[in-house]
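Structure first, then comments.
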Amino acid sequence: MQLSQNALTVLERRYLKKQNGKVIETPEEMFRRVARAVAEVERIYTRDKGFIRDMEERFYSVMEQLDFIPNSPTLMNAGQEFQQLAACFVLPVGDSMEEIFDAVKYAALIHKSGGGVGFAFSRLRPKGDEVSSTGGVASGPVSFMKVFNAATEAVKQGGRRRGANMGVLRVDHLDVMEFIQCKEKDSEITNFNISVAVTDDFMKAVKEDKLFDLINPRTGQVTKTIRAREVFDAIVEGAWRNGEPGVLFLDRINAANPTPALGEIEGSNPCGEVPLLPYEACVLGSINLSHMVKPDTQEIDYERLERVVRLAVRFLDNTIDASHYPLEQILKAVWRTRKIGLGVMGFADMLIQLGIPYNSDEAVSKAREVMSFIWRIARKESARLAEEKGPFPAFKGSALDKSGTGWLRNATLTTIAPTGTISIIANCSSGIEPLFAVSYVRNVLDNDQLVEVHPLFEKVARERGFYSPELMRKISERGTVKGMEEVPEDVQRLFVTAHDIDPEWHVKIQAAFQEFTDNAVSKTVNLRHDATVDDVRRAILLAYELGCKGITVYRDGSRSSQVLVKGQAQGDIKQKTPEDKGIAPRQRPQVTHGRTERMQTGCGNVYVTVNEDEHGLCEVFTSIGKSGGCASAQSQALSRLISVALRAGIKPEAIVKHLRGIRCPAPAWQKGGAVLSCPDAIGIVLEHYLEEKQGGQGTSEAAASVDNPHKGNGLPYIENHMGACPECGGHMRHENGCATCSSCGYSRCS
């Protein structure tokens, strides 16, 4: 297989089978495992073993060639003990304590299996409303979102990634303003994307600058009236500030609901591309459009694309039968409609191969052409599967039945998903997004930096004779070739990046794909850092006018952290002012001197080395016995951060103050008292070093002696204290031969 180094890294970290932390599967074996598990479903419908083997080979081939790749849970879980293959789920949240915490429990099970969950909180009574059963008052949707967020934080998806959620609230809910502002700070409700579900009536009131009614969902009564533009402006300003909230056009979503008799759609999956009924789930997969261009003629290879579409529809339909769902309600809902989401990735790469700039009417036309073809072929294949295996059970009386198009196997067929990691595996551009950067610098190990260039740009640069390593590095510092004299103008126009493109082109491309997408389109309207609030407002209004089902706007650099950054190393995402330039650590000298001290911790012996240069303390190294693994990695990371802080001029006394007293569930004892954790051990060694330098005198308030490690941290000294309980944070005691929590009863022996 022709896999990039990035693809291999992603596969090894997240997808390939492991045993005791060691990878025991090759990428080819992974695709074979997936192909076999999905092809086995054919046994339900046929006894022809040759047909089943043929389907396995065809499924394997389309994945091995990177023409089509299914969603992450399928790659991770197919052929495994717990074969949960769906990526997207929506759970209902009812207006009772029992229903709310049932949803919390169900979400934890889904997150554990690798899925993302959408919630509509619109049924919850508003903050301050009465609770008749207790005589108290309700805390409102936002407070319960924080409960869901905390539960998500505690559950890693299959040990490989954090759970992702979407929180949705109707625009006419009485708490809508609190909801819009609930992620004003990046550090709050971090496991949620949030979107406001706006109605046609609301958008009309915004356009006409009219008042809009807010409703208490418990009573259904109008409780407050507010200017629609006041709510809309709050949405726009939040999106400008940090990309939250997004917008879902709820009436448009329900107008396309294929099974309205089963209920209204209230929410969507975490990225907004799959609106679903309560308890529904959806399996996704994406076709690599960068492989669908004939190399000699620069034309789309529609014959190849049709083969891949038909095979992908059958593959995704099979995954519905193959998947083991975490709840009976989900199984019933999924089988009732058999929704799938076939999408694309590599669209920007396809345009480049066709010689079409992303920000052009020709690109918009090509988006319609390609997606309409995929949609038509997918429908034909679903109709063929319906004849072979039967239509989806809820077909009779559905909107599709009434349209007279004939049987279909699947209630929905097409979706445009983000394809974050599977596009890395396929080595193509993500989803329908433009290029993020033409060239960038990747840090390798500690000191080496490699310039990585988009392969199509490098090919053009070499063919046109303007390639040079120096130019590639220069481009990596800018991220874009726009305005560079060394790059021909036609090449500049072709290799546009997300921030070279005006917002309306982002929206026009999204709208073009939406025309032929049954579900919805996940796309980010990426704005330059200097984009205005009015730019955001125009983008949202244009998305509504052009028929999109939702929109997400993100202004570059508007969050404290972001996934992709242009430029060298961390890159300059904006022109820095004196206030935000930060402090650069001084260079490490060639020779340092210091000492090493051994500390006993719950992770084993930790050897802490403290070194200094002519300016004072400059670095810390730690080594944890032979343990390796996470403990070793985390202590090394902590040491590096301490070293950077020391060389940046942070006083060592301040570092000691923050390290001392940090507890883990397994403290240790040595001469002089308890060592509460590895960070506590590092703090103790730094403390000893400073005391020795100053003639044995203590150096800070928090420099509690090892004899009483709880001094100054508000905790009583307990002789048999075993650290913090991992369940409730209370004190652990050693009782009955086992460490037991004195607060909640948690025991390490059970």
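The values are calculated or read from the model by the stated rules, or taken from the named source; none is laboratory data. What you see is a predicted model; the values in this text were computed from it and never measured. Note: ideal-geometry Cβ built from the backbone for every residue, glycine included; neighbour counts use all protein chains shown. The accessibility values were calculated without ligands, DNA or RNA, using every heavy atom of the protein model including side chains. Shrake-Rupley method; radii C 1.70, N 1.55, O 1.52, S 1.80 Å.
Taking amide H positions as placed 1.01 Å from N in the peptide plane, with prolines and chain starts having none, which residues 5 or more places from THR601, or on another chain, fall under 5 Å of its amide H?
VAL606
List the GluC sites (Glu not before Pro) within region 68-124 that fall in a DSSP loop (any state other than H, G, I, E or B) and whose Cβ has at most 13 other Cβ atoms within 10 Å. Walk me through the numbers before you get to the answer.
On the way: sites: GLU81, GLU98, GLU99; in loops: GLU81.
Here the GluC sites (Glu not before Pro) that fit, given the DSSP loop and packing criteria, are GLU81.
Across region 452-570, how many lysine pairs, 8 or more apart or on two chains, come within less than 27 Å at their alpha-carbon atoms?
Value for region 452-570: 13.
Which angle from 0 to 90°, rounded to the nearest 10, does the C-alpha axis of helix 328-337 make with the longest principal axis of the chain?
Around 30 degrees separate the two axes.
Explain nothing, just compute: Karplus ³J(HN,Hα) = 6.51 cos²θ - 1.76 cosθ + 1.60, θ = phi - 60°, for every residue of region 653-661 in order, whole Hz, x for Gly and Pro.
4, 5, 5, 4, 4, 7, 8, 5, x
Averaging sequence separations of C-alpha pairs under 8 Å and six or more residues apart, then dividing by the length of region 275-418, give the relative contact order as a whole percent.
Values: 197 pairs, mean separation 47.1, N = 144.
The normalised contact order for region 275-418 reaches 33 percent.
Size of the dipole of region 226-338 about the Cα centre, Lys and Arg at +1 and Asp and Glu at -1 on the beta carbon, nothing else charged, in debye to 20? Kindly include the intermediate steps, with their values, before the conclusion.
Numbers: 12 positive and 17 negative charges, 40 e Å.
Roughly 200 debye for region 226-338.
Over the chain, what relative contact order in percent results from Cα pairs under 8 Å that are six or more residues apart? Each step should come with its number before you reach the end.
Working: 1466 pairs, mean separation 72.6, N = 750.
Relative contact order for the chain comes out at 10 percent.
Arranged from highest to lowest average of other beta-carbon atoms within 10 Å per residue, in what order do the peptides 373-384, 525-536 appear?
Values: 373-384: 19.7, 525-536: 17.9.
Averaged packing, sorted descending, gives the order 373-384, 525-536.
When DSSP beta bridges are limited to those with both residues in the chain, what percentage is antiparallel, rounded to the nearest 5? All intermediate terms of the calculation are to be shown ahead of the outcome.
Values: 56 of 89 bridges.
So the antiparallel bridges amount to about 65 percent of the total.
Under unit Cβ charges (Lys, Arg +1; Asp, Glu -1), what dipole magnitude, rounded to 20 debye, does the chain have relative to its Cα centre?
Details: 91 positive and 96 negative charges, 267 e Å.
So the dipole magnitude of the chain works out to roughly 1280 debye.
Apply the Karplus parameterisation 6.51 cos²θ - 1.76 cosθ + 1.60, with θ equal to phi minus 60°, to every residue of region 509-516 and state each ³J(HN,Hα) to the nearest whole Hz, in sequence, with x for glycine and proline.
So the J values, rounded to whole Hz, are 5, 4, 5, 5, 5, 4, 3, 10.
Which shape class applies to the chain: rounded if a/c is under 1.5, otherwise prolate when a/b exceeds b/c and oblate if not, where a ≥ b ≥ c are the square roots of the Cα gyration tensor eigenvalues?
Working: a/c = 1.57, a/b = 1.36, b/c = 1.16.
It comes out prolate by the Cα gyration axes.
Using only Cα atoms, find the angle between the long axis of helix 49-64 and the longest principal axis of the chain, and express it within 0 to 90 degrees, rounded to the nearest 10.
Value to nearest ten degrees: 60.
If packing is taken as the average count of other Cβ atoms within 10 Å, what order do 260-273, 337-350, 588-601 fall into, highest mean first? Write down the numbers at each step before the final one.
On the way: 260-273: 22.3, 337-350: 27.4, 588-601: 13.8.
By packing density, highest mean first, the sequence is 337-350, 260-273, 588-601.
Mind checking which aspartates and glutamates have their C-alpha under 12 Å from LYS49, skipping anything on the same chain fewer than 8 residues away?
GLU40
If I model a spin label at GLU328 and ARG588 as a point 7 Å from the Cα along the Cα→Cβ vector, what separation in nanometres do I get?
About 5.9 nm, to one decimal.
Tell me the carbon and sulfur percent of the accessible area for the chain, rounded to whole percent, probe radius 1.4 Å. Before the final figure, lay out the partial values.
Details: 16510 of 33870 Å².
Accessible surface attributable to carbon and sulfur in the chain totals 49 percent.
So what J values fall out for region 234-245 if you push phi through Karplus, 6.51 cos²θ - 1.76 cosθ + 1.60 with θ = phi - 60°, rounded to Hz, Gly and Pro as x?
5, 4, 4, 5, x, 5, 5, 5, 8, x, 10, x
Is the shape of region 1-95 best called rounded, prolate or oblate, per the rule: a/c under 1.5 gives rounded, else a/b larger than b/c gives prolate, else oblate, with a ≥ b ≥ c the square roots of the Cα gyration tensor eigenvalues? Show your work: numbers first, answer last.
Details: a/c = 1.74, a/b = 1.02, b/c = 1.71.
Since a/c reaches 1.5 but b/c is at least a/b, the shape of region 1-95 is classed as oblate.
Does region 312-448 come out rounded, prolate or oblate, given a ≥ b ≥ c as the square roots of the eigenvalues of its C-alpha gyration tensor, rounded meaning a/c under 1.5 and, failing that, prolate meaning a/b above b/c?
Numbers: a/c = 3.33, a/b = 1.63, b/c = 2.04.
Oblate, since a/c reaches 1.5 and b/c is not below a/b.
Return the aspartates and glutamates within reach of LYS339: Cα separation strictly under 16 angstrom, same-chain partners fewer than 8 residues apart disregarded; answer none if there are no such residues.
Within reach: GLU264, GLU273, GLU280, ASP317, ASP321, GLU381, ASP401, ASP518.
Of LEU638, HIS658, TRP669, which is farthest towards the positive pole of region 599-670's charge dipole, taken about the Cα centre with +1 and -1 on the beta-carbons of Lys, Arg and Asp, Glu respectively?
TRP669
Quick one: which of 505-516, 325-336, 32-43 comes out on top by average Cβ neighbours within 10 Å, and what's the full order, highest first? All intermediate terms of the calculation are to be shown ahead of the outcome.
Numbers: 505-516: 23.2, 325-336: 18.1, 32-43: 21.0.
Final packing ranking: 505-516, 32-43, 325-336.
Once amide H atoms are built 1.01 Å from N in the peptide plane, which residues 5 or more positions from ARG170, or in another chain, come under 5 Å H to H?
Here the answer is SER122, ALA197, since their amide H atoms fall under 5 Å of that of ARG170.
Taking the solvent-accessible surface of protein heavy atoms with a 1.4 Å probe, what is the per residue accessible area of the chain in Å²? Don't skip to the end; give the middle numbers.
Numbers: 33870 Å² over 750 residues.
Per residue, the chain has 45 Å² of solvent-accessible surface.
222 nm [θ] for the chain, helices only, -39500 (n - 2.57) per DSSP H run of 4+, per residue, to 500?
On the way: 24 runs with 279 residues, N = 750.
Theoretical 222 nm ellipticity from helices: -11500 deg cm²/dmol.
If you average the alpha carbon positions of region 267-332 and of region 444-517, how far apart do those two centres end up, in angstrom?
Here the two parts' Cα centres lie 29 Å apart.
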